[in-house]
Amino acid sequence: MAFPIGTDASEHGSWPVITYFLIIANVLVFLVERSQGEAFVRHWAFIPRQFFADPAGHLPTVFTAMFLHGSWLHLLGNMAFLWTFGDNVEDDFGH
């Protein structure tokens with residue numbers, strides 16, 4: 001795995017509000033996930049068997065599962081890439 005080095009901060013036209021919000025939200029959800037344990041993960045994770053048994057009842061898990069991470073390393077790796085590339089995406093597509 002390679003981590004990009006350097007920054008192109010001078011090229012950005014706006015402050016990446018959504019990128020920062022997503023990083024903060026992911027960290028907060030991870031802290032709650034760690035404090036609540038497996039019951040929290042089972043409730044908010046996307047589990048295909050449960051979803052296909054009751055799609056309407058488990059539709060939110062399609063989105064909430066994106067905020068769940070398996071470990072600190074998983075969270076840090078994902079947030080590093082979000083930090084690196086999210087501002088460019090947000091600058092191109094808007095907030």
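The values are calculated or read from the model by the stated rules, or taken from the named source; none is laboratory data. Since we're looking at a predicted model, the values are computed, not measured. FYI the Cβ positions are ideal-geometry reconstructions off the backbone, even for glycines, and counts take in every protein chain you see. The protein model used for the area step is the full one, side chains on, heavy atoms only, and it has no ligands, DNA or RNA in it. Shrake-Rupley method; radii C 1.70, N 1.55, O 1.52, S 1.80 Å.
Observations, loosely collected:
- Residue in the stretch 72-95 that is open to solvent by 90 Å² or more (accessible area, probe 1.4 Å), of a type outside the set (A, V, I, L, M) and not in a helix (DSSP H, G or I) present: yes
- Within the stretch 58-70, considering residues that are over 13 Å from the mean Cα position of the chain (by Cα) and open to solvent by 50 Å² or more (accessible area, probe 1.4 Å), the one farthest from Thr19 (Cα to Cα): His58
- Within the stretch 30-67, the set of residues being touching a His at 6+ places or on another chain (Cβ under 8 Å) and among the β-branched types (Val, Ile, Thr) comprises Ile47 only.
- Whenever a residue of the stretch 19-48 is closer than 12 Å to Met79 by Cβ, its partners that are assigned to a helix (DSSP H, G or I) and open to solvent by less than 40 Å² (accessible area, probe 1.4 Å), lying with C-beta atoms within less than 6 angstrom and at least six residues away or across chains, give the pairs Thr19/Gly86; Thr19/Asp87; Thr19/Glu90; Ile23/Met79; Phe30/Leu75.
- In the stretch 42-57, the residues that are part of a helix (DSSP H, G or I) and open to solvent by 50 Å² or more (accessible area, probe 1.4 Å): Arg42, His43, Trp44, Pro48, Arg49, Gln50, Phe52, Ala53
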